[in-house]
1. Gap in Å between the Cα centre of the range 160-210 and the Cα centre of the range 43-105?
2. Count charges around S126 for me, please; just the other residues with Cβ under 14 Å from its Cβ, Lys/Arg as +1, Asp/Glu as -1.
3. Among A73, A88, A188, whose mean-square fluctuation peaks in a Gaussian network model of the chain (Cα, cutoff 10 Å)?
4. Give the residue from A66, V77, F50 lying farthest towards the positive end of the charge dipole for the range 1-90; charges sit on Cβ (+1 for Lys and Arg, -1 for Asp and Glu) and the dipole is referred to the Cα centre.
5. Given H placed on each backbone N at 1.01 Å, which residues far from I11 in sequence or on other chains put an amide H within less than 5 Å of it?
6. Which entry is the computed Cα Rg over 2.2 N^0.38 Å for this structure: (1) 1.13; (2) 1.02; (3) 0.95?
7. Return L225, L231 ranked ascending by Cβ neighbour count within 10 Å, so the fewest neighbours appear first.
8. So, counting K/R as plus one and D/E as minus one, what does the shell of residues with Cβ under 13 Å around D265 add up to?
Amino acid sequence: MASTAIDAYRITEEPYYRPSADEIRLYEHAYAHRLPLILKGPTGCGKTRFVEYMAWKLRRPLITLACNEDMTASDLVGRYLLDANGTAWHDGPLTQAVRHGGICYLDEVVEARQDTTVVIHPLTDSRRILALDKKGEVIHAHPDFQLVVSYNPGYQSRSKDMKPSTRQRFAALQFEYQHPDIEIQIVAHEARVTNEIATKLVGIAACSRTLISRGLEEGVSTRMLIYAGMLIRDGVDPRASCAMTMTHALTDDPDMAVALQGFVDAYFG
């Protein structure tokens with residue numbers, strides 16, 4: 001079979017993912033019916049890695065788009081561009097997934113303008129169509145197409161949120177930070193550090209998360225722990241590594257920084 005442009009989005013090696021509950025089974029059931037899906041949870045808790053793992057497991061291409069407030073509908077569906085032969089239509093990432101049966105993952109979807117994300121509505125009901133108004137074309141979604149979006153409800157509730165008319169079109173999976181025993185395994189594997197170091201890093205994260213809504217918007221994420229572990233593995237002092245990847249990255253408040261660094265000192269002092 002001849003390769004297509006979407007084949008570049010296939011994940012060929014199994015991503016490292018440790019399940020926390022029955023999210024794998026639930027996703028498989030959602031995909032069996034091609035249900036559009038919301039992944040909700042704090043930043044850096046593993047939502048993106050989960051989607052990558054499921055795309056690999058289901059053998060589907062995965063097209064990921066990080067949403068932002070400057071993103072337009074054309075960034076999603078495509079636009080006419082000049083090339084050597086004149087003006088030609090170029091599919092956007094959403095359109096590629098719709099045409100060829102990929103999983104389209106819109107990360108932090110609430111960061112996009114609501115007049116942009118409204119284009120996904122016809123894909124999230126029984127119609128499963130995408131209208132390319134500028135091209136005068138209506139695409140019926142490939143049977144294997146699925147739309148997945150993610151956002152952080154704890155953070156976004158103070159600034160942006162998903163419209164009820166959009167939210168009710170999706171099924172949803174709730175994610176939290178992993179149980180410490182599992183998070184230790186993840187950090188040790190991803191950062192290639194010992195379980196002893198991973199245990200200390202996870203302990204710092206657990207302490208930081210007690211400060212959420214008490215002056216800290218978000219606690220130390222699993223991603224931050226992996227960054228810290230990488231620096232420690234390279235020989236950087238643990239306290240300096242944690243200050244760089246956690247304390248200074250999370251807050252500009254001097255008192256909060258002192259509190260966070262106090263947790264680091266308790267484990268690595």
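1. About 25 Å separates the Cα centre of the range 43-105 from the one of the range 160-210.
2. Working: positive: R34, R127, R128, R169; negative: D125.
Result for the neighbourhood of S126: +3.
3. A88
4. So the residue we want is F50.
5. Result for I11 returns L62.
6. The value computed from this structure is option (1).
7. Values: L225 29, L231 18.
The fewest-first ordering by Cβ neighbours comes to L231, L225.
8. Numbers: positive: K200, R239; negative: D237.
Residues near D265 contribute +1 overall.
A short reminder: the numbers here are calculations on the coordinates, not readings from a lab. All of these numbers come straight from a predicted model, not from anything done at the bench. No Cβ is skipped: glycine too gets one built from the backbone with ideal geometry, and neighbour counts run over all protein chains shown.
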